[in-house]
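Working notes, structure below.
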Amino acid sequence: MKAWITTSLTAILLWGGNAWGDKTLLNVSYDPTRELYQQFNSAFTKHWESKTGEKVAVKQSHGGSGKQARSVIDGLDADVVTLGLAKDIDEIAEKASLLPADWQKRLPHNSTPYTSTIVLLVRKGNPKNIKDWDDLVKPGVAVITPNPKTSGGARWNYLAAWEYGKRTYGDDAKAKEFVAKLYRNVPVLDSGARGSTTTFVERGIGDVFISWENEAFLAIRELGPDKFEIVAPSISILAEPSVAVVDKVADKKGTRTIAEAYLRYLYSDTGQEIAAKNFYRPTNAAIAAKYASQFPRIKLFRIDDAFGGWKNAHKLHFADGGTFDQIYQK
Amino acid sequence: MGTFRQHSVLPGFNLALGFTLLYLSLMVLIPISAAFVRTAELTLPEFWNVVMTPRVLASYRLTFGASFAAALVNAIFGLLVAWVLVRYHFPGKKLIDALVDLPFALPTAVAGIALTALYAGNGWIGQYLEPLGLKVAFTPAGVFVALTFIGLPFVVRTVQPVLEDLEPELEEAAATLGANRLQTFLRVIFPAIFPAVITGFALAFARAIGEYGSVIFIAGNMPMISEITPLLIITKLEQYDYAGATALAVVMLVISFVLLLIINLLQWWSRSRSSSSV
């Protein structure tokens, strides 16, 4: 029922768009990519028009990554999805069969045109002298991070801390102890990254905010370098926000060629430059080298190597009764 | 049968009833039954496991407890506000009257952010409360504050018209018959407005149970302590656990329905009692 309403509403919207004679793409993305895709869309529409003479309008939709995926499952007509974690696109493939299960193999770098990582944002001058993950479990340090069960982005935070604990103290049991100690230092569990930013920045709660690197840079740019600084931990996770064409929607709307070109353009020099300017790490080696000085040097590990992919990580840590739930059970 | 065939003074009963049923079905029954259908994907033991875990039980206690407390406070102070707005004349009365509706109109997220800003440790109010050891924001007390805020207009707006209709002559008559002020209030005024207060209470209570937007910012959302049930529903949805989410929704629905039914019975009882005593 809900799916039907969403579909028909979107159909009406798109029909309205097509009445102008232009092709319309809908890019369903997650929260912090708003500025990135504003710039990228205008670059792409220019590129596409000069190449093919065809005018294309790209609409963007932003929200929590999981919520956006659910909208697509429920019938939001997204030509492409650009979400915060592969797991959310997997769910679209699994629950609604809108794209093949092996979608991640279709584009380079696991369908990840740009990456990021998890860093620590502290108050100016770093009053609690936070240098690395193990400083977060010290008594008297208040840590701000969203609930990994409601925030897809925050699952990267959790996994980064877990792997640090595992590598430093030896095994998964020790890692769990470490993460449990860390979350005992969390006074507020917001439901999303935006809420946590408000808690840390506006409410003044917490000494350290576990954040995506690109969002930490954005926060500093917007709020001023006189208030916060970034601490790079010794190791962290390579955050891989993935992109995919939603086959069934694109075929139905006849936009597959443009949708595929749109995503491939993310890998072009122009696309990579735009990503870098928005503080995402480019995957193109040449562009990455050009912007290398912008990003702190951190030893990065991949979720596939450390946790055997999202499916396993989710089942073990974030599903009901997983390690995160166990932390809070007495 | 005979009474059924009799034509009412008002025409169009069949049409009106048909429309009412259709409208209620489209707007209320179908969405709710969708929740029940989704839940049916679970077996009974699975359902029980989902809705009876300690963390979920803690969230019921907070949701229903805080909603009940907030509605109770609103019933008392809302009555007071309605009384002042109806019985006294003072400059700025229209303005205050309009202010009462503000929690209706304000997006709940805005209310939540504003309240959190006020009650956080660095907020206008929070900075004076925290040294006293009173933490409001990011504790269950914050949930109560948010629910009180959003529930106020319901009591005021239901009691106000009843108070306005209450004739002053009744009180004068009570006074001439020797009743003191307390007696007049308890025996004459209160029975007349009690059903309206209960309605207001029920509305504020129901609203509070379903509230999400404003609470989520101020609650702190700590498992076992300050998580409300709607947040757990969202949590389950974030994990694509549609059946689990609707299972919780069904439990909330059933509890809310039973509570509202009890409140309605109470109202019916008080109304029949006050009319028989007149």
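The values are calculated or read from the model by the stated rules, or taken from the named source; none is laboratory data. No experiment lies behind these values; they were computed from the predicted model shown. Don't worry about glycine lacking a Cβ; one is built from the backbone with ideal geometry, like all the others, and counts go over all protein chains shown. Just the protein is used for accessible areas: all its heavy atoms, side chains included, with ligands, DNA and RNA removed. Shrake-Rupley method; radii C 1.70, N 1.55, O 1.52, S 1.80 Å.
Applying the condition of being among the charged types (D, E, K, R) and in a loop (DSSP other than H, G, I, E, B) to region A:178-206 and asking which residue is surrounded by the most Cβ atoms within 10 Å (Cβ to Cβ) yields A:190. Taking region B:81-105, which residues are open to solvent by less than 100 Å² (accessible area, probe 1.4 Å) and either in contact with a helix residue (DSSP H, G or I) (Cβ under 6 Å, 6 or more places away or on another chain) or at pLDDT 95 or above (or both)? Within region B:81-105, B:81, B:82, B:85, B:86, B:97, B:100, B:101, B:103 meet the criteria. Can you name every residue in region B:210-220 that is surrounded by 24 or more Cβ atoms within 10 Å (Cβ to Cβ) and in a helix (DSSP H, G or I)? Result: B:214, B:215, B:216, B:217, B:218. Filtered by the rule that a residue be closer than 30 Å to residue A:219 by Cα, assigned to a helix (DSSP H, G or I) and among the small types (Gly, Ala, Ser), region A:80-127 gives A:86, A:111. When the residues of region B:221-231 are filtered to those that are open to solvent by less than 10 Å² (accessible area, probe 1.4 Å) and assigned to a helix (DSSP H, G or I), which remaining residue is nearest to the other protein chains (Cβ to nearest Cβ)? Per the criteria, the residue is B:231.
Restricting region A:207-219 to residues that are out of contact with any Ser or Thr (no Cβ under 6 Å at 6 or more places or on another chain) and assigned to a strand (DSSP E or B), the residue that is surrounded by the fewest Cβ atoms within 10 Å (Cβ to Cβ) is A:208.
In summary, residue A:308 fulfils each of the numbered conditions (1) closer than 20 Å to residue A:85 by Cα; (2) away from every other protein chain (no Cβ under 14 Å); (3) open to solvent by less than 30 Å² (accessible area, probe 1.4 Å); (4) among the small types (Gly, Ala, Ser) with the single exception of condition (3).
Scan region A:311-330 for residues that are under 15 Å from residue B:244 (Cβ atoms), open to solvent by less than 30 Å² (accessible area, probe 1.4 Å) and within 9 Å of another protein chain (Cβ to nearest Cβ) and the total you get is 4. Scanning region A:184-226 for residues that are of a type in the set (Ser, Thr, Tyr), touching a strand residue (DSSP E or B) at 6+ places or on another chain (Cβ under 8 Å) and within 14 Å of chain B (Cβ to nearest Cβ) returns A:196, A:197, A:199. Counting only helices (runs of 4 or more DSSP H) that sit wholly inside region A:280-330, those with at least 2 residues that are under 23 Å from residue A:214 (Cα atoms) and not assigned by TED's automatic domain parsing to the domain that holds residue A:177 are A:285-290. Out of A:222, A:229, which single residue is in contact (Cβ under 8 Å) with a residue 24 or more places away in the chain, surrounded by fewer than 19 Cβ atoms within 10 Å (Cβ to Cβ) and not assigned by TED's automatic domain parsing to the domain that holds residue A:33? A:229 is the lone residue from the list that is in contact (Cβ under 8 Å) with a residue 24 or more places away in the chain, surrounded by fewer than 19 Cβ atoms within 10 Å (Cβ to Cβ) and not assigned by TED's automatic domain parsing to the domain that holds residue A:33. In region A:57-83, the qualifying residues are those that are within 14 Å of another protein chain (Cβ to nearest Cβ) and more than 16 Å from residue A:95 (Cβ to Cβ), and the one that is least open to solvent (accessible area, probe 1.4 Å) is A:63. No other residue among A:94, A:54 is within 14 Å of chain B (Cβ to nearest Cβ) and open to solvent by 30 Å² or more (accessible area, probe 1.4 Å) apart from A:94. Among residues of region B:109-122 being within 14 Å of chain A (Cβ to nearest Cβ), in contact (Cβ under 8 Å) with a residue 60 or more places away in the chain and open to solvent by less than 50 Å² (accessible area, probe 1.4 Å), the one that is farthest from residue B:214 (Cα to Cα) is B:119.
Restricting attention to region A:24-33, the residues being surrounded by 23 or more Cβ atoms within 10 Å (Cβ to Cβ) and over 17 Å from residue A:69 (Cβ atoms) number 1. Consider region B:33-61 and keep the residues that are under 19 Å from the mean Cα position of the chain (by Cα) and closer than 18 Å to residue B:236 by Cα. The one that is least open to solvent (accessible area, probe 1.4 Å) is B:59. Meeting the requirement of 3 or more residues that are within 14 Å of another protein chain (Cβ to nearest Cβ), the helices (runs of 4 or more DSSP H) wholly within region B:1-92 are B:30-39, B:44-51, B:54-87. Out of A:175, A:250, which single residue is in a helix (DSSP H, G or I), open to solvent by less than 10 Å² (accessible area, probe 1.4 Å), away from chain B (no Cβ under 14 Å) and without any contact (Cβ under 8 Å) to a residue 40 or more places away in the chain? Of A:175, A:250, the one residue that is in a helix (DSSP H, G or I), open to solvent by less than 10 Å² (accessible area, probe 1.4 Å), away from chain B (no Cβ under 14 Å) and without any contact (Cβ under 8 Å) to a residue 40 or more places away in the chain is A:175. In region A:34-51, the condition of being surrounded by 15 or more Cβ atoms within 10 Å (Cβ to Cβ) and within 14 Å of chain B (Cβ to nearest Cβ) is met by no residue.
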